[in-house]
Amino acid sequence: MKTELRGNSNTSISLQNPSTLFSNPQSSLSGALNGCLGSLDGACIEKLLLHCASALEHNDGTLAQQVMWVLNNVASLVGDPNQRLTSWFLRALISRASKVCPTAMNFDGGSTIWRRNMPVTELAVYVDLIPWHRFGFCASNSAILKAIEGYSKVHILDFSITHCMQWPTLIDALAKRAEGAPSLRITVPSCRPPVPPFLNVSSEEVGLRLSNFAKFRDLPFEFNVIDHGPSSFTSRDQIMSKESSRDLYFESLLNHLTPSMLDLRDDEALVINCQNWLRYLSDEQRGSNVQDSSLRDAFLCTVKGFNPCIVVVVDEDSDLSAPSLSSRITACFNYLWIPFDALETFLLKDSSQRFEYESDIGHKIENIISFEGVQRIERLESGIKLSQRMRNAGFSSVSFCEDTVGEVRSLLEEHASGWGMKIEEDHMLVLTWKGHNSVFSTAWVRNASMQD
(Lines give C-alpha, C1' and ligand atoms only; values in the text may rest on other atoms or scores of the structure.)
Protein backbone atom coordinates (compact mmCIF):
# COMPACT_ATOMS: atom_id res chain seq x y z
CA MET A 1 0.00 0.00 0.00
CA LYS A 2 1.18 3.52 -0.80
CA THR A 3 -0.02 6.84 0.51
CA GLU A 4 0.55 9.81 -1.77
CA LEU A 5 1.01 13.10 0.02
CA ARG A 6 0.40 16.22 -2.05
CA GLY A 7 1.79 19.58 -0.99
CA ASN A 8 0.37 21.34 -4.06
CA SER A 9 -0.47 20.51 -7.65
CA ASN A 10 3.18 20.32 -8.64
CA THR A 11 4.63 18.15 -5.90
CA SER A 12 4.05 14.64 -4.60
CA ILE A 13 5.86 11.95 -2.71
CA SER A 14 5.03 8.27 -2.37
CA LEU A 15 5.19 7.18 1.25
CA GLN A 16 5.47 3.48 1.91
CA ASN A 17 3.30 1.92 4.62
CA PRO A 18 5.73 1.22 7.49
CA SER A 19 4.13 -2.12 8.39
CA THR A 20 7.52 -3.77 8.91
CA LEU A 21 8.44 -1.10 11.43
CA PHE A 22 5.29 -1.68 13.49
CA SER A 23 5.70 -5.44 13.44
CA ASN A 24 9.32 -5.33 14.62
CA PRO A 25 9.38 -5.42 18.44
CA GLN A 26 13.08 -4.54 18.45
CA SER A 27 12.50 -1.22 16.71
CA SER A 28 13.15 1.74 19.00
CA LEU A 29 10.37 3.64 17.20
CA SER A 30 7.69 0.95 16.96
CA GLY A 31 6.03 1.74 20.29
CA ALA A 32 6.14 5.48 19.79
CA LEU A 33 4.81 5.30 16.25
CA ASN A 34 2.01 2.86 17.08
CA GLY A 35 0.95 5.06 19.95
CA CYS A 36 0.90 8.16 17.78
CA LEU A 37 -0.96 6.84 14.75
CA GLY A 38 -4.10 8.95 14.50
CA SER A 39 -3.29 10.86 17.67
CA LEU A 40 -3.74 14.62 17.76
CA ASP A 41 -1.64 15.14 20.88
CA GLY A 42 0.95 17.88 20.36
CA ALA A 43 3.66 16.13 22.37
CA CYS A 44 3.25 12.98 20.28
CA ILE A 45 3.39 14.92 17.02
CA GLU A 46 6.54 16.70 18.19
CA LYS A 47 8.12 13.31 18.99
CA LEU A 48 7.36 12.11 15.47
CA LEU A 49 8.81 15.24 13.92
CA LEU A 50 12.01 14.74 15.91
CA HIS A 51 12.22 11.07 14.85
CA CYS A 52 11.98 12.22 11.24
CA ALA A 53 14.58 14.93 11.77
CA SER A 54 16.96 12.40 13.30
CA ALA A 55 16.49 10.08 10.33
CA LEU A 56 17.21 12.89 7.88
CA GLU A 57 20.27 14.02 9.82
CA HIS A 58 21.58 10.43 9.51
CA ASN A 59 20.61 10.24 5.79
CA ASP A 60 18.17 7.40 6.53
CA GLY A 61 15.61 7.96 3.80
CA THR A 62 13.70 4.76 4.52
CA LEU A 63 13.07 5.58 8.17
CA ALA A 64 12.22 9.19 7.26
CA GLN A 65 9.55 7.96 4.82
CA GLN A 66 8.10 5.63 7.44
CA VAL A 67 7.72 8.41 9.99
CA MET A 68 6.31 10.78 7.37
CA TRP A 69 3.69 8.15 6.51
CA VAL A 70 2.50 8.30 10.11
CA LEU A 71 2.55 12.10 10.13
CA ASN A 72 0.53 12.06 6.92
CA ASN A 73 -2.22 10.22 8.76
CA VAL A 74 -2.39 13.03 11.31
CA ALA A 75 -1.92 16.07 9.06
CA SER A 76 -4.83 17.98 7.56
CA LEU A 77 -4.95 21.50 6.15
CA VAL A 78 -8.62 21.77 7.19
CA GLY A 79 -8.36 20.02 10.57
CA ASP A 80 -7.77 21.33 14.07
CA PRO A 81 -4.75 23.57 14.84
CA ASN A 82 -2.42 20.61 15.56
CA GLN A 83 -3.36 18.89 12.29
CA ARG A 84 -2.95 22.08 10.27
CA LEU A 85 0.41 22.88 11.84
CA THR A 86 1.57 19.30 11.22
CA SER A 87 0.71 19.65 7.53
CA TRP A 88 3.17 22.49 7.10
CA PHE A 89 5.90 20.74 9.09
CA LEU A 90 5.39 17.62 7.00
CA ARG A 91 5.71 19.61 3.81
CA ALA A 92 8.94 21.17 5.07
CA LEU A 93 10.37 17.78 6.04
CA ILE A 94 9.51 16.30 2.65
CA SER A 95 11.20 19.24 0.97
CA ARG A 96 14.31 18.71 3.09
CA ALA A 97 14.22 14.95 2.47
CA SER A 98 14.26 15.53 -1.29
CA LYS A 99 17.57 17.34 -0.83
CA VAL A 100 19.36 14.97 1.55
CA CYS A 101 17.96 11.69 0.18
CA PRO A 102 17.14 12.51 -3.47
CA THR A 103 17.23 8.92 -4.70
CA ALA A 104 14.73 7.79 -2.07
CA MET A 105 12.26 10.58 -2.63
CA ASN A 106 9.95 11.05 -5.59
CA PHE A 107 9.60 14.76 -4.95
CA ASP A 108 10.45 17.98 -6.73
CA GLY A 109 12.39 19.77 -3.99
CA GLY A 110 12.72 22.91 -6.09
CA SER A 111 9.06 23.77 -5.77
CA THR A 112 8.09 26.56 -3.40
CA ILE A 113 4.96 28.01 -1.86
CA TRP A 114 3.95 30.79 -4.21
CA ARG A 115 2.02 33.63 -2.68
CA ARG A 116 -0.22 36.15 -4.35
CA ASN A 117 0.36 39.89 -4.17
CA MET A 118 -2.29 41.56 -2.02
CA PRO A 119 -4.06 44.85 -2.66
CA VAL A 120 -3.46 47.43 0.08
CA THR A 121 -7.00 47.11 1.41
CA GLU A 122 -6.63 43.34 1.85
CA LEU A 123 -3.26 43.78 3.54
CA ALA A 124 -4.92 46.06 6.11
CA VAL A 125 -7.41 43.28 6.90
CA TYR A 126 -4.58 40.73 6.98
CA VAL A 127 -2.58 42.56 9.67
CA ASP A 128 -5.75 43.06 11.72
CA LEU A 129 -6.74 39.37 11.91
CA ILE A 130 -4.75 38.85 15.10
CA PRO A 131 -2.65 41.44 17.00
CA TRP A 132 0.62 39.85 15.82
CA HIS A 133 1.59 42.98 13.86
CA ARG A 134 -0.65 45.63 15.43
CA PHE A 135 0.86 45.02 18.86
CA GLY A 136 4.26 46.12 17.57
CA PHE A 137 2.78 49.03 15.62
CA CYS A 138 0.91 50.31 18.67
CA ALA A 139 3.81 50.01 21.13
CA SER A 140 6.35 51.45 18.69
CA ASN A 141 4.23 54.40 17.60
CA SER A 142 3.50 55.36 21.18
CA ALA A 143 7.22 55.19 22.07
CA ILE A 144 8.10 57.24 18.98
CA LEU A 145 5.53 59.92 19.83
CA LYS A 146 7.03 60.34 23.29
CA ALA A 147 10.63 60.38 21.98
CA ILE A 148 9.97 63.14 19.43
CA GLU A 149 8.07 65.49 21.74
CA GLY A 150 9.20 69.06 21.13
CA TYR A 151 10.71 68.35 17.70
CA SER A 152 9.31 70.18 14.67
CA LYS A 153 10.98 67.84 12.17
CA VAL A 154 11.07 64.04 12.26
CA HIS A 155 12.83 61.51 10.03
CA ILE A 156 11.99 57.78 10.30
CA LEU A 157 14.22 55.09 8.77
CA ASP A 158 11.75 52.25 8.38
CA PHE A 159 13.01 48.65 8.14
CA SER A 160 9.98 46.37 8.14
CA ILE A 161 8.11 43.72 6.14
CA THR A 162 4.57 45.10 6.32
CA HIS A 163 4.74 47.78 3.62
CA CYS A 164 4.34 50.86 5.87
CA MET A 165 1.04 49.69 7.35
CA GLN A 166 2.29 51.12 10.67
CA TRP A 167 2.36 54.75 9.60
CA PRO A 168 -1.22 55.97 8.94
CA THR A 169 -1.93 55.73 12.68
CA LEU A 170 1.23 57.69 13.53
CA ILE A 171 0.48 60.33 10.91
CA ASP A 172 -2.98 60.79 12.38
CA ALA A 173 -1.55 61.10 15.91
CA LEU A 174 1.08 63.63 14.81
CA ALA A 175 -1.58 65.72 13.09
CA LYS A 176 -3.42 65.97 16.42
CA ARG A 177 -0.33 66.85 18.45
CA ALA A 178 -1.02 69.67 20.91
CA GLU A 179 2.13 71.64 20.05
CA GLY A 180 1.36 71.38 16.32
CA ALA A 181 2.12 68.84 13.65
CA PRO A 182 5.81 68.35 12.77
CA SER A 183 7.10 67.72 9.29
CA LEU A 184 7.67 64.00 8.72
CA ARG A 185 10.07 62.15 6.43
CA ILE A 186 9.97 58.37 6.03
CA THR A 187 12.78 56.52 4.26
CA VAL A 188 12.53 52.84 3.29
CA PRO A 189 14.86 50.40 1.46
CA SER A 190 14.08 49.75 -2.21
CA CYS A 191 13.79 46.00 -1.61
CA ARG A 192 12.57 43.98 1.34
CA PRO A 193 13.27 40.41 2.50
CA PRO A 194 11.54 37.88 0.20
CA VAL A 195 8.85 36.91 2.73
CA PRO A 196 5.05 37.30 2.98
CA PRO A 197 2.97 39.35 2.99
CA PHE A 198 3.49 40.55 -0.57
CA LEU A 199 1.86 43.68 -1.99
CA ASN A 200 0.68 44.33 -5.54
CA VAL A 201 2.01 47.91 -5.66
CA SER A 202 5.52 49.35 -5.44
CA SER A 203 7.11 51.12 -2.49
CA GLU A 204 6.77 54.36 -4.45
CA GLU A 205 3.02 53.81 -4.77
CA VAL A 206 2.77 53.12 -1.04
CA GLY A 207 4.62 56.38 -0.43
CA LEU A 208 2.22 58.26 -2.69
CA ARG A 209 -0.77 56.94 -0.75
CA LEU A 210 0.84 57.94 2.54
CA SER A 211 1.55 61.40 1.09
CA ASN A 212 -2.09 61.81 0.11
CA PHE A 213 -3.22 60.79 3.59
CA ALA A 214 -0.73 63.15 5.24
CA LYS A 215 -1.94 65.98 2.99
CA PHE A 216 -5.51 65.24 4.04
CA ARG A 217 -4.38 65.51 7.68
CA ASP A 218 -2.42 68.74 6.98
CA LEU A 219 0.90 67.12 7.88
CA PRO A 220 4.02 68.12 5.88
CA PHE A 221 5.30 64.80 4.53
CA GLU A 222 8.10 63.37 2.40
CA PHE A 223 8.69 59.76 1.38
CA ASN A 224 12.01 58.44 0.11
CA VAL A 225 13.22 55.06 -1.16
CA ILE A 226 16.88 54.05 -0.73
CA ASP A 227 17.92 52.79 -4.16
CA HIS A 228 20.79 50.56 -3.15
CA GLY A 229 20.59 46.96 -4.35
CA PRO A 230 22.16 45.46 -7.49
CA SER A 231 19.48 45.48 -10.16
CA SER A 232 19.81 41.74 -10.70
CA PHE A 233 18.65 41.04 -7.14
CA THR A 234 15.52 43.15 -7.00
CA SER A 235 12.91 40.37 -7.21
CA ARG A 236 12.20 37.99 -4.37
CA ASP A 237 12.59 34.84 -6.52
CA GLN A 238 15.96 35.98 -7.83
CA ILE A 239 17.15 36.65 -4.28
CA MET A 240 16.10 33.16 -3.22
CA SER A 241 17.53 31.44 -6.30
CA LYS A 242 21.05 32.84 -5.85
CA GLU A 243 22.76 31.60 -2.68
CA SER A 244 24.91 34.70 -2.31
CA SER A 245 22.23 37.21 -3.30
CA ARG A 246 20.73 37.82 0.13
CA ASP A 247 24.02 38.76 1.80
CA LEU A 248 25.07 40.81 -1.23
CA TYR A 249 21.78 42.67 -1.02
CA PHE A 250 22.20 43.49 2.66
CA GLU A 251 25.88 44.33 2.21
CA SER A 252 24.83 46.80 -0.46
CA LEU A 253 22.16 48.25 1.82
CA LEU A 254 24.67 48.65 4.64
CA ASN A 255 27.05 50.51 2.31
CA HIS A 256 24.26 52.93 1.43
CA LEU A 257 23.35 53.69 5.04
CA THR A 258 25.41 56.86 5.27
CA PRO A 259 24.39 60.35 6.45
CA SER A 260 24.82 61.74 2.93
CA MET A 261 22.88 58.96 1.17
CA LEU A 262 20.07 59.22 3.73
CA ASP A 263 20.18 63.03 3.74
CA LEU A 264 20.30 63.13 7.54
CA ARG A 265 19.77 66.60 8.93
CA ASP A 266 20.88 68.01 12.29
CA ASP A 267 17.56 69.70 12.98
CA GLU A 268 15.53 66.47 12.66
CA ALA A 269 14.68 63.87 15.29
CA LEU A 270 15.90 60.59 13.81
CA VAL A 271 13.94 57.40 14.48
CA ILE A 272 15.09 53.88 13.56
CA ASN A 273 12.17 51.48 13.21
CA CYS A 274 12.82 47.72 12.90
CA GLN A 275 9.70 45.57 12.67
CA ASN A 276 10.29 41.83 12.09
CA TRP A 277 13.39 42.76 10.11
CA LEU A 278 16.62 42.21 12.05
CA ARG A 279 16.22 38.42 11.81
CA TYR A 280 16.90 38.60 8.06
CA LEU A 281 20.34 40.10 8.60
CA SER A 282 22.87 37.30 8.91
CA ASP A 283 24.05 36.65 12.46
CA GLU A 284 27.16 34.79 11.27
CA GLN A 285 30.60 36.39 11.45
CA ARG A 286 31.54 37.82 8.05
CA GLY A 287 35.29 37.10 8.19
CA SER A 288 37.91 35.02 9.94
CA ASN A 289 39.23 37.82 12.13
CA VAL A 290 37.97 38.29 15.67
CA GLN A 291 36.94 41.88 14.95
CA ASP A 292 34.81 40.88 11.96
CA SER A 293 31.17 41.34 12.93
CA SER A 294 27.98 39.83 11.57
CA LEU A 295 25.73 41.85 9.27
CA ARG A 296 23.27 42.13 12.14
CA ASP A 297 25.82 43.68 14.48
CA ALA A 298 27.26 45.85 11.70
CA PHE A 299 23.78 47.27 11.02
CA LEU A 300 23.29 48.14 14.70
CA CYS A 301 26.72 49.76 14.83
CA THR A 302 25.89 51.82 11.74
CA VAL A 303 22.56 53.16 13.00
CA LYS A 304 24.06 53.87 16.43
CA GLY A 305 26.52 56.17 14.67
CA PHE A 306 23.59 58.27 13.42
CA ASN A 307 22.77 59.11 17.07
CA PRO A 308 19.00 58.48 16.72
CA CYS A 309 16.64 59.77 19.39
CA ILE A 310 15.10 56.29 19.57
CA VAL A 311 15.49 52.81 18.05
CA VAL A 312 12.45 50.53 18.22
CA VAL A 313 12.86 46.81 17.62
CA VAL A 314 9.88 44.45 17.36
CA ASP A 315 10.01 40.77 16.50
CA GLU A 316 8.64 37.34 17.29
CA ASP A 317 9.80 36.06 20.66
CA SER A 318 11.44 32.73 19.87
CA ASP A 319 14.90 31.40 19.07
CA LEU A 320 14.76 29.70 15.66
CA SER A 321 18.38 30.07 14.59
CA ALA A 322 19.97 26.94 16.10
CA PRO A 323 22.34 25.01 13.79
CA SER A 324 20.72 21.71 14.82
CA LEU A 325 17.63 20.69 12.82
CA SER A 326 16.12 18.92 15.84
CA SER A 327 16.54 22.02 18.00
CA ARG A 328 14.87 24.21 15.36
CA ILE A 329 11.97 21.78 15.00
CA THR A 330 11.40 21.74 18.77
CA ALA A 331 11.53 25.54 19.07
CA CYS A 332 9.44 26.11 15.94
CA PHE A 333 6.72 23.58 16.84
CA ASN A 334 6.43 24.92 20.39
CA TYR A 335 6.14 28.49 19.13
CA LEU A 336 4.21 28.57 15.86
CA TRP A 337 1.23 26.68 17.26
CA ILE A 338 0.23 30.05 18.71
CA PRO A 339 -1.15 31.74 15.54
CA PHE A 340 -2.79 28.47 14.44
CA ASP A 341 -4.54 28.20 17.81
CA ALA A 342 -5.52 31.89 17.82
CA LEU A 343 -7.07 31.72 14.34
CA GLU A 344 -9.14 28.71 15.44
CA THR A 345 -11.05 30.94 17.87
CA PHE A 346 -12.81 33.04 15.24
CA LEU A 347 -12.32 31.69 11.70
CA LEU A 348 -14.00 28.64 10.15
CA LYS A 349 -11.84 25.67 9.22
CA ASP A 350 -12.35 26.29 5.48
CA SER A 351 -11.87 30.08 5.68
CA SER A 352 -9.78 31.39 2.79
CA GLN A 353 -8.42 34.14 5.06
CA ARG A 354 -7.30 31.54 7.55
CA PHE A 355 -5.65 29.35 4.93
CA GLU A 356 -3.79 32.34 3.45
CA TYR A 357 -2.48 33.45 6.84
CA GLU A 358 -1.47 29.90 7.75
CA SER A 359 0.24 29.34 4.42
CA ASP A 360 2.41 32.37 5.12
CA ILE A 361 3.43 30.73 8.39
CA GLY A 362 4.04 27.57 6.38
CA HIS A 363 6.40 29.57 4.14
CA LYS A 364 8.39 30.41 7.27
CA ILE A 365 8.35 26.82 8.55
CA GLU A 366 9.64 25.51 5.23
CA ASN A 367 12.56 27.94 5.27
CA ILE A 368 13.45 27.11 8.89
CA ILE A 369 13.28 23.32 8.38
CA SER A 370 14.09 22.68 4.73
CA PHE A 371 17.00 25.03 4.09
CA GLU A 372 20.52 25.50 5.42
CA GLY A 373 23.33 28.00 4.83
CA VAL A 374 22.51 31.39 3.39
CA GLN A 375 19.22 30.09 1.96
CA ARG A 376 17.87 29.72 5.51
CA ILE A 377 16.94 33.37 5.92
CA GLU A 378 14.60 32.95 8.91
CA ARG A 379 17.12 33.36 11.76
CA LEU A 380 14.95 34.66 14.54
CA GLU A 381 16.39 35.28 17.99
CA SER A 382 14.42 35.68 21.21
CA GLY A 383 13.79 38.98 22.91
CA ILE A 384 16.31 38.08 25.63
CA LYS A 385 19.05 37.46 23.05
CA LEU A 386 18.14 40.59 21.11
CA SER A 387 18.37 42.67 24.27
CA GLN A 388 21.84 41.33 24.96
CA ARG A 389 22.85 42.11 21.38
CA MET A 390 21.57 45.68 21.73
CA ARG A 391 23.46 46.20 24.98
CA ASN A 392 26.63 44.81 23.42
CA ALA A 393 26.16 47.25 20.54
CA GLY A 394 26.10 50.21 22.93
CA PHE A 395 22.38 50.81 23.47
CA SER A 396 20.34 51.23 26.65
CA SER A 397 16.72 50.18 26.93
CA VAL A 398 13.93 52.72 27.38
CA SER A 399 10.80 52.01 29.38
CA PHE A 400 7.37 52.32 27.81
CA CYS A 401 5.19 54.89 29.54
CA GLU A 402 1.84 54.14 31.17
CA ASP A 403 -0.01 55.62 28.19
CA THR A 404 1.70 53.14 25.88
CA VAL A 405 0.81 50.21 28.11
CA GLY A 406 -2.78 51.45 28.24
CA GLU A 407 -3.01 51.78 24.47
CA VAL A 408 -1.70 48.25 23.97
CA ARG A 409 -4.18 46.85 26.48
CA SER A 410 -7.02 48.65 24.68
CA LEU A 411 -5.86 47.12 21.39
CA LEU A 412 -5.88 43.62 22.85
CA GLU A 413 -9.41 44.09 24.17
CA GLU A 414 -10.55 44.18 20.53
CA HIS A 415 -9.31 40.60 20.05
CA ALA A 416 -9.91 37.19 21.62
CA SER A 417 -9.58 36.89 25.39
CA GLY A 418 -6.51 34.66 25.10
CA TRP A 419 -4.31 37.62 24.19
CA GLY A 420 -2.42 39.35 26.98
CA MET A 421 0.64 41.47 27.68
CA LYS A 422 3.44 41.48 30.20
CA ILE A 423 6.58 43.51 30.92
CA GLU A 424 9.92 41.70 31.13
CA GLU A 425 13.57 42.68 31.61
CA ASP A 426 14.96 45.66 29.70
CA HIS A 427 11.46 47.22 29.82
CA MET A 428 10.37 44.76 27.12
CA LEU A 429 6.67 44.60 26.29
CA VAL A 430 5.63 41.06 25.37
CA LEU A 431 2.45 39.99 23.61
CA THR A 432 1.21 36.66 24.98
CA TRP A 433 -1.32 34.04 23.89
CA LYS A 434 -2.69 31.97 26.77
CA GLY A 435 0.37 33.00 28.77
CA HIS A 436 2.93 32.05 26.10
CA ASN A 437 5.29 34.71 24.70
CA SER A 438 4.46 35.66 21.11
CA VAL A 439 5.92 39.02 20.07
CA PHE A 440 8.23 41.43 21.88
CA SER A 441 8.55 45.19 21.54
CA THR A 442 11.59 47.14 22.76
CA ALA A 443 12.85 50.73 22.64
CA TRP A 444 16.49 51.80 22.81
CA VAL A 445 18.74 54.86 22.91
CA ARG A 446 22.47 55.18 22.47
CA ASN A 447 24.39 54.81 25.74
CA ALA A 448 24.98 58.22 27.32
CA SER A 449 28.62 57.32 27.88
CA MET A 450 29.06 56.87 24.14
CA GLN A 451 27.59 60.22 23.08
CA ASP A 452 29.95 62.43 21.11
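The values are calculated or read from the model by the stated rules, or taken from the named source; none is laboratory data. In this text the structure is predicted, and so the values were computed from the model without any measurement. Positions of Cβ are backbone-derived with ideal geometry, glycine not excepted, and every protein chain shown enters the neighbour counts. Just the protein is used for accessible areas: all its heavy atoms, side chains included, with ligands, DNA and RNA removed. Shrake-Rupley method; radii C 1.70, N 1.55, O 1.52, S 1.80 Å.
In whole percent, and with a 1.4 Å probe on the protein chains, what portion of the accessible area of segment 250-362 is carbon and sulfur?
For segment 250-362, the apolar C and S fraction of the accessible surface comes to 50 percent.
Which entries in the list K153/K385; K385/K434; K47/K434 go over 26 Å, if you measure between the two C-alpha atoms of each?
K153/K385
Give me the extension gain from T345 to T330: residue separation times 0.36 nm, minus the current Cα-Cα distance, reported in nm with one decimal.
Value of the extension gain: 3.0 nm.
For segment 146-198, report the accessible area per residue in Å² (1.4 Å probe, heavy atoms, rounded to an integer).
Here the per-residue accessible area is 31 Å².
Among M261, M118, what's the order by accessible area (1.4 angstrom probe), most exposed first?
In descending accessible area the options line up as M261, M118.
For K364, go through the lysines and keep the ones whose alpha-carbon is under 19 Å away, minus same-chain ones fewer than eight residues off.
K99, K242
Can you tell me the relative contact order of segment 287-391? Whole percent, Cα pairs under 8 Å, sequence separation 6 or more.
Rounded, it is 37 percent for segment 287-391.
Lysines near K304 by alpha-carbon distance under 16 Å, same-chain residues fewer than 8 away left out - which ones?
The qualifying lysines are none; the list is empty.
Taking every pair of alpha-carbon atoms in segment 379-422, what share in percent sits in each 5 Å bin, from 0 to the bin with the longest distance?
Values per bin, smallest distances first: 5, 17, 18, 15, 19, 17, 7, 2.
For segment 159-199, what value does the Rg/Rh ratio take when both radii are computed over Cα atoms and Rh is the Kirkwood radius, given to two decimals?
Result for segment 159-199 is an Rg/Rh of 1.09.
Between N224 and R391, what length in nm is gained on full extension when 0.36 nm per residue of separation is reduced by their alpha carbon distance?
57.1 nm
Expected output is a single nm value to one decimal: the length gained when fully extending between D403 and R265, i.e. 0.36 nm times separation in residues minus the C-alpha distance. What is it?
Roughly 46.7 nm would be gained on extension.
What is the distance, in nm, between label points placed 7 Å from the Cα along the Cα-to-Cβ direction at N307 and at E179?
For the pair N307/E179, the computed spacing is 1.9 nm.
Diagonalise the Cα gyration tensor of segment 329-452 and give the resulting equivalent ellipsoid semi-axes, square root of 5 times each eigenvalue, largest first, whole Å.
Over the Cα atoms of segment 329-452, the ellipsoid semi-axes are 30, 23, 11 Å.
Between E413 and A448, what is the label-point separation in nm under the 7 Å Cα-to-beta-carbon projection?
With each label point 7 Å from Cα toward Cβ, the separation is 3.6 nm.
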